[in-house]
1. Please give the length that would be gained between Thr58 and Asp26 if that part of the chain were fully extended, namely 0.36 nm times their separation in residues minus their C-alpha to C-alpha distance (nm, one decimal).
2. Arrange the residues Arg108, Arg126 by how much accessible surface each exposes, largest first, with a 1.4 angstrom probe.
3. Please give the per residue accessible area of the chain, computed with a probe of 1.4 Å over protein heavy atoms only, in Å².
4. Any idea what the relative contact order of the chain is, in percent, if you count C-alpha pairs under 8 Å spaced at least 6 apart?
5. Which label belongs to the value computed from this structure, given these candidates for Kirkwood radius over Cα pairs in Å: (1) 24.1; (2) 18.3; (3) 16.2?
6. Would you calculate, for the chain, the mean residue ellipticity at 222 nm contributed by helices, counting each DSSP H stretch of 4 or more residues as -39,500 (n - 2.57) and dividing by all residues, to the nearest 500?
7. For the chain, what number of Lys pairs, 8 or more residues apart or on separate chains, have alpha-carbon atoms under 18 Å from each other?
8. As I understand it, the value is the acute angle between the Cα axis of helix 177-188 and the longest principal axis of the Cα atoms of the chain; what does it come to in degrees, rounded to 10?
Amino acid sequence: MTIAPVFYTASIYVTLSKAIVFFAPDLSRFKPQLFYWIFIPADVICLVLQAAGGALSTNSNGSNDTGVDISMAGLILQVVVLVAFIAVFSDYMIRYWRSGRMETFSWRMKAFFVGLFGAIVLILARCAYRVAELKDGYTGDIMHHEGSFIALEGCFVLVAAIFLCFGHPGLVFDRQAPRKNVSDTESTIPTKAN
């Protein structure tokens with residue numbers, strides 16, 4: 001369960017980058033490739049910190065909190081990275097909505113973006129739970145509540161995976177319909193030459 005969200009978030013970063021290129025790269029404040037060139041390495045760093053902290057904790061007799069501190073650094077960094085990604089994702093979607101191009105979206109396109117957004121929010125909630133769980137180390141109170149672990153760790157990751165089924169690019173990138181919708185909309189938007 002520790003590494004699963006990293007693969008989910010990586011797929012979301014790449015999918016959103018490709019969606020921006022496909023729908024409206026002109027509305028993005030950043031080059032779409034930066035989404036996965038920045039966020040995927042950041043997630044890998046988070047994973048390495050969590051794994052290193054876990055490894056140090058297993059070799060400790062409990063008197064040394066270095067492993068817990070390193071794991072916490074990885075989890076907190078992961079929360080920061082996810083919040084930054086959600087901010088950038090939201091900014092793009094707001095700019096897209098304000099451009100008027102979203103009016104041509106079919107229900108599948110809306111489900112696609114809702115699926116991606118829902119999955120990333122659930123993964124963020126799961127990571128925030130992990131921070132709270134580990135804040136008092138491996139002997140903390142939250143660490144010993146199996147019900148909250150199942151709900152906030154396992155169920156959140158499972159529901160995020162279900163959201164990603166709705167956010168699957170194969171349901172949207174039909175190669176004809178979205179491009180036709182975008183070009184129809186763009187034909188009504190004045191260009192710089194006009």
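1. Numbers: separation 32, 0.36 × 32 = 11.52 nm, distance 4.93 nm.
Full extension from Thr58 to Asp26 adds 6.6 nm.
2. Ranking Arg108, Arg126 by accessible area, largest first, yields Arg108, Arg126.
3. Values: 10650 Å² over 194 residues.
Per residue, the chain has an accessible area of 55 Å².
4. On the way: 186 pairs, mean separation 45.7, N = 194.
Relative contact order, the chain: 24 percent.
5. Looking at Kirkwood radius over Cα pairs in Å for this model, the match is (2).
6. So the helix-based figure for the chain works out to -23500 deg cm²/dmol.
7. 4
8. So the helix axis and the longest Cα principal axis differ by about 60 degrees.
The values are calculated or read from the model by the stated rules, or taken from the named source; none is laboratory data. Predicted, not measured: the structure shown is a model, and the values here were computed from it. In this analysis, Cβ positions are derived from the backbone assuming ideal geometry, glycine residues included, and neighbour counts consider all displayed protein chains. These accessible areas exclude ligands, DNA and RNA; they are computed on the full protein's heavy atoms, side chains included. Shrake-Rupley method; radii C 1.70, N 1.55, O 1.52, S 1.80 Å.
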